[in-house]
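The values are calculated or read from the model by the stated rules, or taken from the named source; none is laboratory data. Here the structure is a predicted model, which is why all the values come from computation and not from measurement. We place every Cβ from the backbone using ideal geometry, glycine too, and count neighbours over all the protein chains shown. Heads up: the accessible areas ignore ligands, DNA and RNA and are worked out on the full protein's heavy atoms, side chains in. Shrake-Rupley method; radii C 1.70, N 1.55, O 1.52, S 1.80 Å.
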Amino acid sequence: MSLKHAFVLTGGIGTGKSTAANLLSLHGYSVLDADKIAHELFDTHNAQIAHLFAEVATHNTITRQALAPLIFSDSNARAKLEALIHPKVRARLLEQAQQLEAHHQPYFLDIPLFYEIEGVKSYGISQVVLIYAPRNLQITRLQARDHLSLEQIEQRLNAQMDIEIKKSLSPFVLDNSKDLKHLQAEIDRLLAQIKGS
């Protein structure tokens with residue numbers, strides 16, 4: 001299955017990927033959201049997930065809040081959850097992408113953990129747009145946004161591939177280390193490149 005018009009939008013926690021996705025939507029581009037699908041699947045398969053993580057489940061149900069500390073501190077637990085959820089997310093995303101291919105217009109798949117799941121292989125998409133902000137700024141933003149402790153933030157960042165490695169792997173890098181106006185200019189630059197190619 002060839003996704004000729006697809007671009008992956010990825011980043012790291014606190015880099016501003018959701019803001020970039022919103023800006024692309026405002027420009028009229030379709031953005032498919034892997035996180036949104038994952039949340040729906042978490043609810044649909046809640047009993048199965050509760051069974052997998054019985055130690056943090058209550059009465060055969062589990063909340064994302066109860067599961068988060070375990071997922072971010074234990075790579076085996078994270079792998080177990082991803083093995084259950086990700087194939088289902090991928091199937092749903094690819095189904096939606098096929099429908100968008102029919103329009104012969106560029107569109108975006110918002111996949112936060114694209115590199116972590118070896119997305120180039122599993123999705124067959126090499127046009128990857130990274131929303132970039134350096135780690136120190138990721139930490140500052142997460143402290144302001146989520147009111148997490150430094151230890152919790154470090155756990156979340158360490159659960160993802162380092163942003164500098166993602167930067168080195170990405171054909172398109174949008175710098176989001178400044179303000180919203182700067183990010184808008186970066187989006188405009190990207191769209192000019194896409195239209196010109």
Legend entry - Charge tally in the Cβ shell below 15 Å around residue 72, where Lys, Arg are +1 and Asp, Glu are -1, residue 72 excluded: -2
Inset, instruction - Could you name the aspartates and glutamates whose alpha carbon sits less than 16 Å from that of residue 166, not counting residues in the same chain fewer than 8 places away? - result: 110, 116, 118, 175
Legend entry - Inter-centroid distance (Cα atoms) of region 64-142 relative to region 1-63, Å: 7
Inset, instruction - Express the relative contact order of the chain as a whole percentage, based on alpha carbon pairs under 8 Å and six or more residues apart in sequence. - result: 35
Inset, instruction - Give the shape of region 105-188 as rounded, prolate or oblate, defined through the alpha-carbon gyration tensor: a ≥ b ≥ c are the square roots of its eigenvalues, a/c under 1.5 means rounded, and otherwise the shape is prolate if a/b is larger than b/c and oblate if not. - result: oblate
Legend entry - Average accessible surface area per residue within the chain, 1.4 Å rolling probe, Å²: 53
Legend entry - Efficiency of FRET between residue 193 and residue 146 - r from beta-carbon atoms, R0 30 angstrom, step 0.05: 0.40
Inset, instruction - In square nanometres and to one decimal, what's the mean projected area of the convex hull around the Cα atoms of region 1-135? - result: 8.7
Inset, instruction - Quick one: pull the percent of accessible area on the chain belonging to carbon and sulfur, 1.4 Å probe, ligands and nucleic acids left out. - result: 53
